[in-house]
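Read through the structure below, which is laid out as structure tokens, and then see the notes.
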Amino acid sequence: MGSRTHKVTLNFSTMAQVDVPQGRNGKHKEIVLRVLSDLEKVPAGTALKIPLAELAESKEKVRSALNRAIHKTRRDVATASDEEYLYVWNKTR
């Protein structure tokens, strides 16, 4: 049997799998990492007070990104907000 090459028309371009970016490095990565880092350092009963004016995105988007990261690390964290701040704290058991 001879080897035949068929030209296949693709809808999208291709690249080597090893060159595909891995992980989610979204817009919120920096703020989420900073929040998680601070949560590891604060005592129980202490909430982080994050000014909404300093967030690059809406509090909803940051809260969603934080929620995804919290679930990945299996942490027990709560959030609240008002017109000026996003509050984040470790839940006590």
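Side notes on the structure shown:
- On Cα atoms only, tilt of 59-72 relative to the major axis of the chain in degrees: 70 degrees
- The alpha-carbon of Lys61 sits under 19 angstrom from the alpha-carbons of these lysines, leaving out residues fewer than 8 places away in its chain: Lys27, Lys29, Lys49, Lys72.
- The label-point distance for Glu84 and His71, in a model that sets each label 7 Å from Cα toward Cβ, rounds to 3.3 nm.
- Dipole check for the stretch 46-93: with +1 at the C-beta of Lys and Arg, -1 at the C-beta of Asp and Glu, and the Cα centre as origin, the magnitude is about 480 Debye.
- Of His71, His28, the sequence from fewest to most neighbouring Cβ atoms within 10 angstrom is His71, His28.
- Using the alpha-carbon positions of the chain, Rg (one decimal) and Dmax (whole number) come out as 21.2, 74 Å.
- Acute angle (nearest 10 degrees) that the helix 29-41 long axis makes with the longest principal axis of the chain, alpha-carbon atoms: 40 degrees
No value in this document is a laboratory result; all are computed from the given coordinates. Treat the numbers as computed from the prediction; the structure is a model and nothing was measured. Neighbour counts run over all protein chains shown; Cβ positions are idealised from the backbone, glycine included.
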